[in-house]
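Report on one structure; see the data block that follows.
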Amino acid sequence: MHIYRSALLRFSEDGQALYDEDGLLAIGPDASGRQRVQAAGAWHALASQFAGQHVTHWPGRLIAPGFVDMHVHYPQTDVIGSPAEGLLPWLENYTFPHEKRFVTQGYAEQVADFFLDELLRNGVTTALAFATSHPQSVDALFAEARRRHLRLMTGKVLQDRHSPDGVRDETEQSLIDTEDLIARWHGVDRLGYAITPRFAPTSSPAQLRGAGKLAAQYPDVWIQSHVAENLDEVRWVRELYPRARSYLAVYDGFGLMRERAVYAHCIHFDAEDRALMRARRTAAAVSPTSNLFLGSGFFDYQAADRAGFAYGLASDVGGGTSFSPFRTMLAAYTVGREGQTKPGLSLSPRHLWWQHTAGAARALGLEGVIGNLQPGCEGDFVVLNPQATPLLARRTAQAASLDELLFAMIVLGDDRLVEQTVISQAKYAPGA
Ligand SMILES: [Zn+2]
């Protein structure tokens, strides 16, 4: 059993933040030998249960759930910060030429290795990630994630049309490759497969139909794609699928909306789209740094809450501009101001934090597994140092409430805040 003593943040089932200024977190094996949180709460209430055991004490630090990135492209690690007019020119001029390189297994392995270290350095312990259309890019990421004992989901990108040579796949073979990869990786250790059409414009109806069949055949496999990010893209989908009621309805028509389906962006939606998200129990990956960078538009939080569908936060690197959950939460706060009709905060600090941890886990169908530190959870966590920079130290020392403390870290924080990322018993200290 590992016992940790520090300030401790976790979340109740209804998304309320639970905070112990002097907390205790105990992680140890369950009956099947898997590492789980055994106890979490106030030190004074729990310490007597663990008398005589070794305690790792981190005074002045904060233990918080590992962050969950609901949408990120590992092959775009080297595309981050590429200047473009918008989504479609960005894909054509930067992303597609770069993704061609993942045909080489050794290259894919090297990027996967760097990418996962970068996630961990930023405190992200679970991601739902795009690979490329090359099956070897999926093998490379899964193998590296397994080596680090990570809970991670990825999949081979499906794109059999409107894509250049080198990334375009072939319809029938792409579905065979997908099924082979599901058999090879889904459920191995902490890994999960995601059926991954890039987006409706780059998949033929036959490919989307095949993806939908696989989604029905393997109901606990994830589905990930993009929808309604950019107005030019929305127009293009209308031309390609003139009979669909909306862009989102294209996916629904092929059986690609269900639990464990996650669509990035969900910006240019109407009320019927939002109702469909809820009815199909499908989740949105909100990617605010990407939306600001590419000028795509703003996710409508109030409309999403009115409709009652699930969502959580995502970096969307390389359209997104940072791996850091702090940058993403700050951008979400900024975006939440847009169209605000009621006075007050755009989104509360604890709700922003929840969207990137327990809320994201719920949206992924992994509630009670990751993204939280309640008993029974797998117990991936970060150790944050609120004194990491002179300004952070000065500002957090004056925080008079939990919201003030969390918000100071959201606004001023980045990878320097993350002193350690702990995956079960494996520790990753930046620079170590
Ligand atoms: Zn994306």
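Please treat every number below as a calculation from the coordinates, not as lab data. Predicted model only: the values in this text are computed from it and were never measured. A quick note on method: Cβ atoms are made from the backbone with ideal geometry, for glycine too, and the neighbour counts reach across all protein chains shown.
The gain in end-to-end length when the Glu92 to Val55 segment is fully stretched comes to 8.0 nm, 0.36 nm per residue minus the alpha carbon separation. Compared with the direct C-alpha span, the chain from Arg306 to Ser32 gains 94.5 nm at full extension, assuming 0.36 nm per residue.
Neighbours of Ala332 by Cβ distance under 15 Å: Lys/Arg scored +1, Asp/Glu scored -1, total -2. Taking the C-alpha atoms only, the angle from helix 205-217 to the longest principal axis of the chain is near 40 degrees. Charging the Cβ of each Asp and Glu at -1 and of each Lys and Arg at +1, and nothing else, the dipole of the chain about its Cα centre rounds to 600 debye. Angle of helix 402-412 to the longest C-alpha principal axis of the chain, folded into 0 to 90 degrees and rounded to 10: 50°. Charge tally for Ala285 (other residues, Cβ to Cβ under 10 Å; Lys, Arg +1; Asp, Glu -1): -2.
Quick one: net charge around Ala108, please, counting Lys, Arg +1 and Asp, Glu -1 for every other residue with C-beta under 11 Å from its C-beta. Before the final figure, lay out each step's value.
Details: positive: Arg101; negative: Glu99, Glu109, Asp113, Asp139, Glu144.
Its environment carries a net charge of -4.
For the pair Ser204 and Ser12, label points projected 7 Å from Cα toward Cβ lie 5.4 nm apart. Against the chain, whose longest principal axis comes from its Cα atoms, helix 105-121 is set at around 40 degrees.
Quick one: putting +1 on the C-beta of Lys and Arg, -1 on the C-beta of Asp and Glu, what dipole do you get for the range 1-157 around its Cα centre, in Debye to the nearest 20? The partial results should precede the final answer.
Working: 13 positive and 17 negative charges, 99 e Å.
With only Lys, Arg, Asp and Glu charged at Cβ, the dipole is about 480 debye.
Ranking Asn291, Val221, Ala206 by Cα position along the charge dipole of the chain, where only Lys, Arg, Asp and Glu carry charges on their C-beta atoms, puts Val221 farthest toward the positive end.
For the pair Gln217 and Ser82, the difference between a 0.36 nm per residue extended length and the Cα-Cα distance amounts to 44.7 nm.
Nearest 500 deg cm²/dmol is fine: what mean residue ellipticity at 222 nm does the chain get from its DSSP H runs of n ≥ 4 alone, each adding -39,500 (n - 2.57), divided by its residue count?
Details: 17 runs with 155 residues, N = 432.
Rounded to the nearest 500, the figure is -10000 deg cm²/dmol.
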